[in-house]
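The values are calculated or read from the model by the stated rules, or taken from the named source; none is laboratory data. No experiment lies behind these values; they were computed from the predicted model shown. Here the Cβ positions follow ideal geometry from the backbone for every residue, glycine too, while neighbour counts run over all protein chains shown.
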Amino acid sequence: VMSRRVPDSMFGLHFPATDIPQANRSIFMSMRSRLIADVARPSVKVLHSLRLAENIILAGSQLRGVTGCHAQYLQNMGVHATLVLSIVTGTSEAQHTSPWEGENAKKTGGPPPRSPLWGLLVCHHYGGPPPPDH
């Protein structure tokens, strides 16, 4: 049940693939969902043990922090929480060949190659009680 109706101007919007940086596209291919329960909550610092040979990489973690610019972007829209689900057309590059790829694309100036990441289903929560403290 929606506590506040989202303006009709928000529905049906489409954005170019270039709006999502390639690094984020790669993350959305491996992690098919992203939940931010409280956009305003600051990230928790992860302490690295000196006994570990390499840094901890949280790219595959559901508990990783939100970049400051993305959190600010969501807050500017009045978003309290968000859920993003990847819409994937396949995982094999062989499934996504087209006449526009490779040498033919250079000759014809056709569109760039398709990515298996077709799109994102983005759900924003605009109101209601904040999540409980843990």
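Regarding region 27-44, can at least one residue be identified that is of a type in the set (A, V, I, L, M, F, W, C), farther than 28 Å from TYR126 by Cα and assigned to a loop (DSSP other than H, G, I, E, B)?
no
Can you find a residue in region 64-82 that is surrounded by 11 or more Cβ atoms within 10 Å (Cβ to Cβ), modelled with pLDDT of 80 or more, aliphatic (A, V, I, L, M) and part of a strand (DSSP E or B)?
Yes, region 64-82 contains at least one residue that is surrounded by 11 or more Cβ atoms within 10 Å (Cβ to Cβ), modelled with pLDDT of 80 or more, aliphatic (A, V, I, L, M) and part of a strand (DSSP E or B).
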